[in-house]
Amino acid sequence: MDNTTRYERLRERYMNGDLDRRSFLGLLGAAGAAYGLVTPYRALAQSVSQVRFDGWGGVVSEALRKNAFDPFTAKTGIEVVDGTFGGGDEYISRVKASQPGEYNIAHLSGVFDYARYHGLGLTTKLNEDNLPNLQYVIPKLVDVFRNITDGSLSCVPYDYGTTGLAYNRKYISDDEIKEKGAKILIDEAYKGKIAGWSDWRTRMWYAALQTGQSPNGITDEEAAWDAVRKHRDLALKYWGSGAELMSLLAEEEIHVTEAWSGRIYALQEQGHDIGYFDPPNGFGWQECMFVIKDSPLEACEELLNFMLAPETSIAVAEGQNYPPALDPQKVELGDKIPTLPAFDPSGTLEGLTFADPDYWNGHEQAWSKTFGRVQKGY
């Protein structure tokens, strides 16, 4: 029996309550000693002292730190150093300018990001034998990444959600948001009380909805850019982070914006009467934990497998308010997760519209440049 399998079986007995903590740790050490080995965690700790992780900050980073990183460090001795970023474009620029091995794991959003990193030669090939907890993940979320990297993986899927419409119920009713949908973001009645994310993809996605077009097949670009400009002229400001989004809504500086589903659930938990609505063809996305080329692979795999363990993944999901990538047909997800926005109890995700990576990456250069000009008032 290999050491990883031996460890997983002991861990399963521990999590089932068949072993107390002292017995679990003792048997884990004895299992390694019996075969002339140290435990996988100790072996890694001897060669790798830290792994760098970069993510979205705010409640997401807090949930990962509390429920994944600190427990992982306690068990392995490997420190997880975490940084934050406000958007995918900003982060990929940092990675491109960095030294090999400087960045290790990133919480990427969307398959199009994965495709971008692969196109830049920044992917690696994970050893899936070291990722036994991958078996619990929704197959559809795994397959889309395999299709890009010829069957291998440079990441593990971790969560999913939507970018829908958030609105203050004091000023906008549920019926109004359902009637107007995405067009409420270009409704002159709310001038100065509208906001939006300063992300060119999101702006063009919602412009497609506002002009009656498919987000994955915009045929009238001028109409879409006119909608982007109209939104800009009516908006109080663009927000650049989840924390800023939450502040704008909580302080009632704005009444409506597109927003990340988990951040709105967090506001609702805090007692704010903020509604959330996914319009038809709203922006669905999945996030992954991506391992960057030249990272310490075994340490990264150990961390990712730890994070995918159902008890860890569920705790993180409950903390960050996004459904985990775990298959609800294989794993009991508890009481809270089924109440989260975007959660799909079937595990098929058929109700979500995802960005086509070839389409959006094919327009990145032109559309990101045009949006940069629109932001400046052109």
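Determine the shape class of the stretch 132-281: with a ≥ b ≥ c the square roots of the Cα gyration tensor eigenvalues, call it rounded for a/c under 1.5, and otherwise prolate if a/b is greater than b/c, oblate otherwise.
oblate
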One would report the antiparallel percent of DSSP beta bridges in the chain, rounded to the nearest 5, as 60
Stretched fully, the stretch from residue 140 through residue 219 gains (0.36 nm per residue minus C-alpha distance, one decimal, in nm) 25.6 nm
In degrees, nearest 10, the alpha-carbon axis of helix 3-15 is tilted away from the dominant principal axis of the alpha carbons of the chain by 70
For the stretch 220-359, using Cα atoms only, the Rg and Dmax in Å read 18.0, 50
Note: residue 97 to residue 251 extended length (0.36 nm per residue) minus current alpha-carbon separation gives 51.7 nm
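Remind me, relative contact order of the chain in percent, using alpha carbon pairs under 8 angstrom and six or more residues apart?
On the way: 602 pairs, mean separation 95.0, N = 378.
Taking the mean separation of contacting Cα pairs over the length of the chain, I get 25 percent.
Would you please report the Å³ per residue occupied by the convex hull of the alpha carbon atoms in the stretch 233-315?
Numbers: hull volume 13.6 nm³, N = 83.
Convex hull volume per residue, Cα atoms: 164 Å³.
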According to the Cβ-distance criterion of 4.7 Å, cysteines of the chain with no possible disulfide partner are 300
Restricting to lysines and to Cα separations under 20 Å from residue 183, and discarding same-chain partners fewer than 8 apart, the set is 170, 191, 193, 230, 237
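Tell me, what is the per residue accessible area of the chain in Å², probe radius 1.4 Å? Don't skip to the end; give the middle numbers.
Numbers: 15990 Å² over 378 residues.
Result: 42 Å² per residue.
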In whole angstrom, the spacing between the Cα centers of the stretch 70-108 and the stretch 264-324 equals 16
Any aspartates and glutamates whose Cα falls less than 14 Å from that of residue 376, other than same-chain ones fewer than 8 residues away, would be 199, 233
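For residue 62 and residue 363, compute 0.36 nm times the residue count separating them, minus their Cα-Cα distance, and round to one decimal in nm. The partial results should precede the final answer.
Values: separation 301, 0.36 × 301 = 108.36 nm, distance 3.40 nm.
105.0 nm is the gain from fully extending residue 62 to residue 363.
Relative to the Cα centre, what is the charge dipole magnitude of the chain, using +1 at the beta carbon of each Lys and Arg, -1 at the beta carbon of each Asp and Glu, and rounding to the nearest 20 debye? Working shown, then result.
Details: 37 positive and 54 negative charges, 131 e Å.
Rounded to the nearest 20 debye, it is 640 debye.
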Which of [x] 5, 23, 31, 24, 11, 5, 1, 0; [y] 5, 19, 23, 21, 16, 9, 5, 2, 0; [z] 4, 14, 19, 22, 19, 13, 6, 3, 1, 0 is the computed P(r) over Cα pairs in 10 Å bins from 0, in percent? It is [x]
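Which semi-axes, in whole Å and largest first, does the equivalent ellipsoid of the stretch 45-182 have when worked out from the alpha carbon gyration tensor as the square roots of 5 times its eigenvalues?
Values: eigenvalues 194, 80, 58 Å².
Calculated on Cα positions only, the semi-axes equal 31, 20, 17 Å.
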To the nearest 10 degrees, the tilt of helix 297-308 (Cα long axis) against the first principal axis of the alpha carbons of the chain is 70
Heavy-atom accessible area of the chain with neighbours in place, 1.4 angstrom probe: carbon+sulfur share in percent works out to 46
Distance in Å, no decimals, from the C-alpha centre of the stretch 122-155 to the one of the stretch 352-378 is 27
extent check for the stretch 78-136: Cα max minus min per principal axis, descending, whole Å, gives 33, 29, 21
Helix 310-320: inclination vs the chain longest Cα principal axis, degrees, rounded to 10, gives 30
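How high is the FRET efficiency from residue 298 to residue 189, r the C-beta distance, R0 51 Å, rounded to 0.05? Working shown, then result.
Details: r = 57 Å, r/R0 = 1.12.
E(calc), rounded to 0.05, equals 0.35.
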Placing +1 on each Lys and Arg Cβ and -1 on each Asp and Glu Cβ in the stretch 89-193, then taking the dipole about the Cα centre, the residue among 135, 157, 190 whose Cα reaches farthest towards the positive end is 190
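The values are calculated or read from the model by the stated rules, or taken from the named source; none is laboratory data. Please read these numbers as outputs of a predicted model, since none were measured by experiment. Don't worry about glycine lacking a Cβ; one is built from the backbone with ideal geometry, like all the others, and counts go over all protein chains shown. Heavy atoms of the whole protein, side chains included, go into the accessibility calculation; ligands, DNA and RNA do not. Shrake-Rupley method; radii C 1.70, N 1.55, O 1.52, S 1.80 Å.
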